[in-house]
1. Find how many whole Å separate the alpha carbon centroid of segment 110-164 from the alpha carbon centroid of segment 71-96.
2. Could the peptides 42-50, 196-204 be put in order, highest first, of the mean number of other beta-carbon atoms found within 10 Å of their residues?
3. What does the C-alpha gyration tensor say about the overall shape of segment 208-249? Classify as rounded when a/c is under 1.5, otherwise prolate if a/b is larger than b/c, or oblate.
4. Projected area of segment 65-232, taken from the Cα convex hull and averaged over every viewing direction, in nm²?
């Protein structure tokens, strides 16, 4: 969907015309588990949606997303620190995490991607609520020869098995080696899917429970929502739900 630059009534008209086309193209009687006041669902054909709008819809719906605060170092030795919410654990055998940095608007790759391609190492730091402002500062697009650790005044700590420093005083840091870095889609990449094999981890002992595992009640991690919204994992709304009876652990 391409909107007029002047906004206002022209923009509203363009949006109305767009949704008219979408509804006309939608299959009839689309079932909806939670109908709105009109008893119908909004149907989106993403082949007809501008990529920027597709991003907004998905990023606002697929929530909450954990935030990976990724530290890397370039071949020239410059440290980099950047947050990514397209982040997830992939498997425990071998322990592997995934981040997906988007390609820059000018088509260039982000410093994080270039650094892991050059050195093959990264550290994934998890962001506590009290470090939200510091994390946000590092999302700025500094030049490649600028270290976010130094520019933003963020304390670092040496890693044990990899060269990139970790962020000091975060609850969890994962030292990783690059498993793969894949441009996606192959014909016109909009992102790089980076898989990092976790070699070692640092856990703040204050977040551990009596079983020496991270306690969700003690953790207070940031989570990315849509737009400028963030959430946090510490909440009175969280609850436990046991596996179905007979499920083999």
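Please treat every number below as a calculation from the coordinates, not as lab data. Every value quoted in this text rests on a predicted model; they were computed, and no experiment measured them. FYI the Cβ positions are ideal-geometry reconstructions off the backbone, even for glycines, and counts take in every protein chain you see.
1. Segment 71-96 and segment 110-164 have Cα centres separated by 9 Å.
2. On the way: 42-50: 12.3, 196-204: 17.1.
Averaged packing, sorted descending, gives the order 196-204, 42-50.
3. Details: a/c = 2.85, a/b = 1.61, b/c = 1.77.
Judged from the Cα gyration tensor, segment 208-249 comes out oblate (a/c at least 1.5, b/c at or above a/b).
4. Details: hull surface 39.9 nm².
Average projection, Cα convex hull of segment 65-232: 10.0 nm².
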